[in-house]
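Below you'll find the structure, written out as structure tokens, and then a few comments.
What follows is calculated from the coordinates using simple rules that are stated; it is not laboratory data. Source: prediction; values computed, not measured. Note that each Cβ is placed from the backbone with ideal geometry, even for glycine, and that neighbours are counted across all protein chains shown.
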């Protein structure tokens, strides 16, 4: 960038941060961490649900048993029971809470040969999809 060039006169220079060096310290965006698998997955799901303003984000096994969930006051046992059916495409979810319809998105993941379902309830589609993907990645990483 040439300071004599009139096109750049009065503008601050833009600096690009260098890429991390192999073996050097890395930036970790996670604010809270845990060495406990149960706490780690709950923190990851709760954070993802909060970012997208979801009612709930949960991980369910192939039998419909709740494995992990975001923090919240909702009883998710019935939702967990139908999540595999929705995930397999055998049902269309019609969920209401306080009289308003809520959308449910489900993604299938496999961990050590076992099938699990990550479900996101509520929120807007793009945010729900983004955080559903984030929750699925977290579940794969933490539960593997």
Take the alpha carbon gyration tensor of the stretch 44-105, find the square roots of its eigenvalues, order them as a ≥ b ≥ c, and report rounded if a/c is under 1.5; if not, report prolate when a/b exceeds b/c, else oblate. oblate
The extension gain from residue 81 to residue 51, computed as 0.36 nm times the residue separation minus the Cα-Cα distance, is 8.3 nm
As a footprinting exposure proxy, order 53, 129, 96 by other Cβ within 10 Å, with the fewest listed first. 96, 53, 129
Using a/c under 1.5 as the rounded threshold, could you call the stretch 33-143 rounded, prolate or oblate? The axes a ≥ b ≥ c are square roots of the C-alpha gyration tensor eigenvalues, and prolate needs a/b larger than b/c, oblate otherwise. oblate
Report the extension gain between residue 73 and residue 101 in nm, rounded to one decimal, defined as 0.36 nm multiplied by the number of residues separating them, less their alpha carbon distance. 8.3 nm
Can you list the residues of the stretch 36-50 with backbone N under 14 Å from a point 7 Å past the Cα of residue 111, pointing along Cα to Cβ? 36-46
Note to self: C-alpha centroids of the stretch 104-144 and the stretch 41-98 sit apart, in Å, by 9 Å
So for 57, 126, fewest C-beta neighbours within 10 Å to most, what's the order? 126, 57
